1. In the range 96-105, is there at least one residue being in contact (Cβ under 8 Å) with a residue 60 or more places away in the chain, buried (at least 16 other Cβ atoms within 10 Å of the Cβ), within 22 Å of GLY144 (Cα to Cα) and within 19 Å of the chain's Cα centre (by Cα)?
2. Residue check, PHE138 against (1) more than 20 Å from ARG172 (Cβ to Cβ); (2) out of contact with any strand residue (DSSP E or B) (no Cβ under 6 Å at 6 or more places or on another chain); (3) assigned to a loop (DSSP other than H, G, I, E, B), all met but one. Which one?
3. Sort out which residues of the range 84-99 are within 14 Å of VAL161 (Cβ to Cβ) and touching a helix residue (DSSP H, G or I) at 6+ places or on another chain (Cβ under 8 Å), and write them in order of number.
4. When both residues are 6+ apart or on different chains and their Cβ atoms are under 8 Å apart, which pairs have a first residue that lies in the range 150-162 and is of a type in the set (Lys, Arg), and a second that is surrounded by fewer than 17 Cβ atoms within 10 Å (Cβ to Cβ) and part of a loop (DSSP other than H, G, I, E, B)?
5. State all residues of the range 59-71 that are part of a helix (DSSP H, G or I) and either surrounded by fewer than 19 Cβ atoms within 10 Å (Cβ to Cβ) or over 19 Å from the mean Cα position of the chain (by Cα) (or both); if no residue qualifies, say none.
6. Within the range 84-104, how many residues are of a type in the set (Val, Ile, Thr) and either assigned to a helix (DSSP H, G or I) or more than 10 Å from GLY66 (Cα to Cα) (or both)?
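Nothing in this text is a laboratory measurement; each read-out follows from the coordinates by a stated rule. Bear in mind that the values here come from a model prediction, so they are computed numbers and not experimental data. Because the Cβ atoms are built from the backbone with ideal geometry, glycine has one as well, and the counts that use them run over all protein chains shown.
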Amino acid sequence: MARSNHSRRVLAATVAACAAFGLAACSDSPSEPDKKVTVAPKTDEDKLVDLAGDFWAVRTSSQNSGNTDPAQFTGILSAEMTEVEVTMLNQYKKLGVTRSGAPEVTDIEASVDGDEGAMLMCLNEDDWGVVVEDDPDFEQPDNGVVPFGTTAEKDADGRWVVTGTLKAEDKRVKAKSC
């Protein structure tokens, strides 16, 4: 009997402690003042890093699906760069080419000079296959990880948009270590 009473007392104490903890945790008047989390605004460089990710997401999606609708590039690419991408997509469509999978984009670095910027990254397209409609045995060569770069400018609304890709011979691309 003593053991049973002891067990009941331990259980009662545990329930009381849990209830007190639960009530305190759910209380509308916390014992400590609310701590406000402040988030620093994104720098232009941060925005360009995000833009590089958006660029590759839309480029991958459009090439995998064969979608030639220019609207998908709105807010990511300049009008001129959108025209370049849509022209390339139309050429792929004529040739019966789509892509599958996704490229690996890593180590994105961004630089800003006024309203112009550049994004340099490491790109591996080995897992982003080329599908050729008339050649099911087509195999693209593996190039491994290579440096890749894009340029950007602020548009009329002050948003960054991709304005072009840098050639492999560009000194900034050549200087990128991957």
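1. Residues of the range 96-105 in contact (Cβ under 8 Å) with a residue 60 or more places away in the chain: none.
No, the range 96-105 contains no residue that is in contact (Cβ under 8 Å) with a residue 60 or more places away in the chain, buried (at least 16 other Cβ atoms within 10 Å of the Cβ), within 22 Å of GLY144 (Cα to Cα) and within 19 Å of the chain's Cα centre (by Cα).
2. That leaves (2) as the condition not met.
3. Kept after step one, since they are within 14 Å of VAL161 (Cβ to Cβ), are these residues of the range 84-99: 84-85.
Result: GLU85, single match.
4. LYS154/ASP115; ARG159/GLY75
5. Taking the range 59-71 as the starting set, the residues that turn out to be part of a helix (DSSP H, G or I) are 59-65, 70-71.
Within the range 59-71, THR60, SER61, ASN64, SER65, PRO70, ALA71 meet the criteria.
6. Taking the range 84-104 as the starting set, the residues that turn out to be of a type in the set (Val, Ile, Thr) are 84, 86-87, 97-98.
Then keep just the ones that are either assigned to a helix (DSSP H, G or I) or more than 10 Å from GLY66 (Cα to Cα) (or both); that gives 84, 86-87.
Looking only at that region, the number is 3.
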